[in-house]
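Only one structure is covered here, and it is reproduced in the block below.
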Amino acid sequence: MIFYKTKAEIELMRQSCLLVSGTLAETAKMLKPGITTIYLDKFIGQYIRDHGATPSFLNYRGYPFNSCISVNDVVVHGFPNGDELKEGDIVSIDIGVYKNGFHGDHAYTFAIGDPGKEISQLISITKESLYKGIEKAVAGNRVGDISNAIQELTEKKHGYGVVRELVGHGLGKSLHEDPQVPNYGKRGTGAKMKEGLTLAIEPMINLGKREIFTEDDGWTVRTADHKASVHFEHNVCVQKNKADILSDYSIIEKAEKSNAFLFSAS
């Protein structure tokens, strides 16, 4: 069932989404070689609680951490651990918060130092594809229009692998709502979108082939060829002429640019 939000509910949800953005921005300030992802996860959990919310991911279907931190060939759901980040690593940080009865849930991929031309282009194109998808999140369009826009840029134009098994989704009082939002598909297919539909649009794009596998922990998803994967995610509300982006990348990008240890492709 698809749930449509009222204007008041959208504003409550915006607060949750902006707290995710703020948490990502504060985390971006800390990224550097030598820091561990478990240290980042603990900071993320505390920051969310200090701002009157709870981490959406913690204990969700048994997930044992506050955030998903996916490094290099990990596509999504990476377990924070004691391994130190190093120069050249790419790090996708995916965070969810629950506040005022609504979830926010989005992600951003960072590069520790210069990851090289090939991977920096993957980061740039994946981020661009997210906005191509958002352009189609308007009332009267169908979900397949979002999916196709992402696939056209990443797979058709640049030859990247578009993950099929993992998709974007509706978002609201539940962390995952209908409809599913694949990153591949045909224009004019899927559910017809109406005003008040809130979505998490999240291209997961591989440098190499699209095939993936899940590790024995039941969560960590890696590329089958162990080449890099990039993940960006925004929260949006479908409107008449232009999607309302509930999350805010500008504060994350500002923190990214001000951190001398991070490479900024934008």
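The values are calculated or read from the model by the stated rules, or taken from the named source; none is laboratory data. None of the values given here were measured: they were computed from a predicted structure. Here the Cβ positions follow ideal geometry from the backbone for every residue, glycine too, while neighbour counts run over all protein chains shown. Accessible surface is based on the protein model in full, side chains and every heavy atom, while ligands, DNA and RNA are left aside. Shrake-Rupley method; radii C 1.70, N 1.55, O 1.52, S 1.80 Å.
Please label the shape of segment 222-266 as rounded, prolate or oblate, based on the square roots a ≥ b ≥ c of the eigenvalues of the alpha-carbon gyration tensor (a/c under 1.5 means rounded; beyond that, a/b larger than b/c means prolate, else oblate). Numbers along the way, then the final one.
Working: a/c = 3.65, a/b = 1.30, b/c = 2.80.
Oblate.
Can you show me the helix-derived [θ] at 222 nm for the chain, built from DSSP H runs with n ≥ 4 at -39,500 (n - 2.57) apiece and divided by the number of residues, rounded to the nearest 500.
Values: 5 runs with 74 residues, N = 266.
Result for the chain: -9000 deg cm²/dmol, rounded to the nearest 500.
For semi-axes √(5λ) of the Cα gyration tensor in Å, one of (1) 29, 23, 17; (2) 34, 23, 17; (3) 26, 22, 17 was computed from the structure I shared and the rest are decoys. Which label?
(3)
How much length is gained if the chain between F213 and E253 is pulled fully straight, taking 0.36 nm per residue apart and subtracting their Cα-Cα distance, in nm to one decimal? Could the numbers behind the result be given before it?
Working: separation 40, 0.36 × 40 = 14.40 nm, distance 3.07 nm.
That works out to 11.3 nm of additional length.
For the modelled label position 7 Å from the Cα of K192 along Cα-to-Cβ, which residues of segment 1-17 have backbone nitrogen atoms closer than 17 Å?
2-4
Convert each backbone phi in segment 23-29 into a coupling constant with the Karplus relation 6.51 cos²θ - 1.76 cosθ + 1.60 (shift: θ = phi - 60°), then list the ³J(HN,Hα) values in order as whole Hz, x for Gly and Pro.
5, 4, 5, 5, 5, 4, 5
Could you tell me which of rounded, prolate or oblate describes segment 135-185, using a ≥ b ≥ c as the square roots of the eigenvalues of the alpha-carbon gyration tensor, with rounded for a/c under 1.5 and, failing that, prolate when a/b is larger than b/c and oblate otherwise? The partial results should precede the final answer.
Working: a/c = 3.12, a/b = 1.51, b/c = 2.06.
Cα axes put segment 135-185 in the oblate bin.
Per residue, how much accessible area does the chain show when a 1.4 Å probe rolls over the protein heavy atoms, in square angstrom?
On the way: 11250 Å² over 266 residues.
Using a 1.4 Å probe on heavy atoms only, each residue of the chain averages 42 Å².
Rounded to the nearest 0.05, what FRET efficiency do E152 and K32 have when you use their Cβ-Cβ distance and R0 = 22 Å?
Working: r = 36 Å, r/R0 = 1.64.
About 0.05, to the nearest 0.05.
Is the C-alpha gyration tensor of segment 1-129 telling us rounded, prolate or oblate? Criteria: a/c under 1.5 is rounded; beyond that, a/b larger than b/c is prolate, otherwise oblate. Before the final figure, lay out each step's value.
Working: a/c = 2.08, a/b = 1.52, b/c = 1.37.
Prolate, since a/c reaches 1.5 and a/b exceeds b/c.
Would you mind telling me which residue in G140, G82, G208 has the biggest mean-square fluctuation in a Gaussian network model of the chain, where springs connect alpha carbons within a distance under 10 angstrom?
Of G140, G82, G208, the Gaussian network model singles out G82 as fluctuating most.
Label 7 Å along Cα→Cβ of A139; segment 181-219 residues with amide nitrogen under 11 Å?
Label zone hits: 194-197.
Quick one: Karplus J couplings for segment 134-144, per residue in order, coefficients 6.51, -1.76, 1.60, θ = phi - 60°, nearest Hz, x for Gly and Pro?
Each residue's phi maps through the Karplus curve to give 4, 4, 8, 7, 10, 4, x, 7, 10, 4, x Hz.
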